[in-house]
Each structure stands twice: as C-alpha cells, then as structure tokens.
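Novice: Here it is, the structure, as structure tokens.
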Amino acid sequence: MTIMKTVILMVLSQIASGSVNIFYKVAVADGMKVQIMVFYRLFFATAFMVPLAFIIERKRRPRLTWTILLQGVINGLLGAALGSNLYAESLIFTTATFSSAMSNLTPAVTLILAVLIGMEKLDIYRLAGQAKLFGTLLGIGGALILNLYKGMKIQLPSMNIHLLHTTNDTATTAQHAAYNDIWGSILAFLSCASYASWLIFQGRMRQRYPMYSNTALMCFCGAIQAGIYAFIRERDLSAWKLGCNIRLFTPAYSGIVSSGLGVTVVAWCTKQKGPLYVSSFYPLTLIFVAIVGTIVLPEDLHLGSLIGSVFIVIGLYVMLWGTAKENTVAAAEALKHNDNGVIEIISYAGINQATAAVVPEFKTDDIIIPTSTAAHQEP
C-alpha cells in the first residue's frame, strides 16, 4: 500500500511541477514580468512553509544563529532567487519542453562540480564510476543535440486551445529564433549550475537545521533577494498588482502547491523509499510538459528535441544506477568495519546518498530533494 501511495504522490508532484512551466509561459504572455513572478512565488512558498516548519519542528529546531542565517542567505540565493530567475528567464527565450529537458542536467552538473572541488571522487576503474561518467556524457550529449539539431516537426493531436497571445509575424520570429535558442540555452544551463551549487552547499546546512525550517528559511531569504532584484528591474508599481487572474494564480500555485506541498510530498516519499527512488520520477515532468505544451501552447516539438530529451533522461537513469551501485558497495564495505552496523553517509552532491533499504539504521528524516523543475526541480 505504501508503494502505491508513493507512486501516486510522486506522479502528482511531477505533474504539479510541470504545470508551473505552462503557467509561467501563460503569465508572461499576459504581460507579467518574470522577476516579479519569482518574488511572489517565493513569498507564497514562505507563507506556506513557515507555519508548517513551526508546527512540525518546534520541539527539535535549534536556535537560529548568525552562521545558520548566513547559510540560509546563501541557500536562498542559489536555490531560490538566482536559480528561479535564471530558469524563468530561459522559458521566455525557449519552449517549456526545452527548459524542462535542460533542467534534467542538474545531477550531471552537480557531479561535475562536486568532483572539481574535491567533494566527490569518480572511480572510473569500477563499473559504478563508469556508469556515472557515461550518464553524465549522455546528458551533455543530449543537451548538445537539443541546441544544435531541430529536425523534422512532430505533429501531436491538437485541442485547438492556444493559451498564449501570439502574432503572425513569422519573419520576425525566424530572424530572432537562433538568438533566442542560444540565449535561452545559456540561461537554462546557468540555472542548472545554480541549483547544482545549492545542492552541494545545502548538504552542510541540513546538518545544522531540520528540513522544513531549512526550506522555510531558504524561501524567506530568497524572497527578500528576489524582491530587491525585481524592484531594481521594475519600479512601476502597477506591474506589481495582482488581480483575480493568471497573475495571481501562477505565483500562488507555484509557491504553495509546487514549492510548498511539493517539498512536503517529496520529503515524505524520500523517507519511505529513498532519494534514488524519488529521483527516478523526475523525467515525468519533461514528458508531461512536452505533451501538454505542444497541445495547449503554440510550441512545436521537433525530432531534435525528442532525441536530445531521450539522451538526457537515459543519462539520468544511468547516473542513478551508478550511484545506487556505488552506495551499495560503500555501505557493504562500511559495515565490515562497524560492529554496530551503523553508517553515516553525508551527501555532498545531492545524488550520492545511501537508502534505508541498504542500511536499516540510516535515517532519511532530514533529506530534501529539489522539487522544481525542474529536476531540478526548483524549490
């Protein structure tokens, strides 16, 4: 019964995450500035997470120190304000499918950064290390295909529902298409790098502060930073007004449902089945966005996008398999040197964690997996 619950909840969480991409596009087409939208999203996420953290963790939350506050500010920048703005900006220049596919590169970028700074070792002489390397290369290859090859257009059944306001100026569209793709790709990759840096840094934060309080502090700090940036970019107060329309629904939905409830659902599923199990559902967001975006938005799905996305998804699963294999071996070796059978494994890259199934005593209470998009999926 628990397995069925985790499957249903993870599928729903990925649909909710993918829906954010669609609503972002519609809100931007309605004239809402992405910087303001990101601020309101983090505002609603903070309003949801702060009471939740206060209720659930009121008895085990340590005192808020200057060190924890500084870490919260850094987490808020990397995992919320900066990452969310970069991703939202990339949606303007590319399709929702393209941005969703690029977000699945976050684990590969995380691994690369972790290896470069010495927080993780890549043993290419073992099968697990080879799988992680091969999965990373597949993901990068898929991203290159996404950017360099379009191919034939793939026709999907249309419901004649076009949520975006578009013009028929095809000449202008063609003239700026190459620039948009390049700039959108750069922004999407920088978003992955921001979330990857957050995954590496927040591993240390989790050791000091419990999960829900950690997330609430990150959203609060990120909302302040995003608000300052949005005010610098847009000082016309009329642009900040929210009515009973898509401009209110999008940040409220993305903040409460995706960032708020999504974090809670993914945390519970992670506790039940482990982080690798949860990560295996992330490509569902891409599939959902590709289908829905093509049907209800005037976005074309090309063969290159399909091939590139498949490469990225396969690379992700190969990486997850290599990580699971590596963790199994590491846990077995550690148990040989521990009479009590207790092992402590700290995740530096956000993807290299043992599961409770491997080591029964390993606690997953304070594990948090990004729910954005994006595999990343953004918080």
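The values are calculated or read from the model by the stated rules, or taken from the named source; none is laboratory data. For clarity, every value in this text was computed on a predicted model and none was experimentally measured. Cβ sites come from the backbone with ideal geometry, for glycine too, and all protein chains shown count toward neighbours.
Novice: Considering only the stretch 136-158, I want to know if a residue exists there that is in contact with a Pro (Cβ under 9 Å, 6 or more places away or on another chain), under 24 Å from Phe201 (Cβ atoms) and crowded, with 22+ Cβ neighbours inside 10 Å.
Specialist: Checked against the condition, which is being in contact with a Pro (Cβ under 9 Å, 6 or more places away or on another chain), under 24 Å from Phe201 (Cβ atoms) and crowded, with 22+ Cβ neighbours inside 10 Å, the stretch 136-158 yields at least one hit.
Novice: When you scan the stretch 227-236, do you find a residue that is in contact with a helix residue (DSSP H, G or I) (Cβ under 7 Å, 6 or more places away or on another chain), under 30 Å from Gly322 (Cα atoms) and surrounded by fewer than 18 Cβ atoms within 10 Å (Cβ to Cβ), even just one?
Specialist: Within the stretch 227-236, none of the residues are in contact with a helix residue (DSSP H, G or I) (Cβ under 7 Å, 6 or more places away or on another chain), under 30 Å from Gly322 (Cα atoms) and surrounded by fewer than 18 Cβ atoms within 10 Å (Cβ to Cβ).
Novice: Consider the stretch 302-320. How many of its residues are closer than 11 Å to Phe98 by Cβ and surrounded by fewer than 20 Cβ atoms within 10 Å (Cβ to Cβ)?
Specialist: Residues flagged as closer than 11 Å to Phe98 by Cβ and surrounded by fewer than 20 Cβ atoms within 10 Å (Cβ to Cβ) within the stretch 302-320 amount to 2.
Novice: Could you check, for the stretch 277-290, whether at least one of its residues is at pLDDT 70 or above, more than 27 Å from Met4 (Cβ to Cβ) and surrounded by 21 or more Cβ atoms within 10 Å (Cβ to Cβ)?
Specialist: Within the stretch 277-290 (the criterion being at pLDDT 70 or above, more than 27 Å from Met4 (Cβ to Cβ) and surrounded by 21 or more Cβ atoms within 10 Å (Cβ to Cβ)), the answer is no, since none of the residues qualifies.
Novice: Please indicate, with yes or no, whether at least one residue in the stretch 282-290 is over 28 Å from Gly129 (Cα atoms), touching a Leu at 6+ places or on another chain (Cβ under 9 Å) and in a strand (DSSP E or B).
Specialist: No, because not a single residue in the stretch 282-290 is over 28 Å from Gly129 (Cα atoms), touching a Leu at 6+ places or on another chain (Cβ under 9 Å) and in a strand (DSSP E or B).
Novice: Next up: Only residues that are of a type in the set (Gly, Ala, Ser), surrounded by 23 or more Cβ atoms within 10 Å (Cβ to Cβ) and farther than 18 Å from Tyr277 by Cα: list them for the stretch 1-55, please.
Specialist: Matches in the stretch 1-55: Gly18, Ala27, Ala45.
Novice: Test each condition in (1) out of contact with any strand residue (DSSP E or B) (no Cβ under 8 Å at 6 or more places or on another chain); (2) part of a helix (DSSP H, G or I) for Thr97 and report the one that comes out false.
Specialist: Failed condition: (1).
Novice: Of these, Thr106, Thr65, Thr110, Thr95, which one is hydroxyl-bearing (Ser, Thr, Tyr), under 27 Å from Leu301 (Cα atoms) and out of contact with any Phe, Trp or Tyr (no Cβ under 6 Å at 6 or more places or on another chain)?
Specialist: Only one candidate passes the filter, namely Thr95.
Novice: Output the residue which, of all residues in the stretch 217-246 that are assigned to a helix (DSSP H, G or I) and of a type in the set (S, T, N, Q), is nearest to the chain's Cα centre (by Cα).
Specialist: Gln225
Novice: Right, next: Can you tell me which residue among Leu138, Leu127, Leu146 is under 20 Å from Ala196 (Cα atoms) and of a type outside the set (Val, Ile, Thr)?
Specialist: From the options Leu138, Leu127, Leu146, the qualifying one is Leu138.
Novice: In the list Val329, Val310, Val359, which residue meets the criterion of being part of a helix (DSSP H, G or I) and at pLDDT below 80?
Specialist: The match here is Val329.
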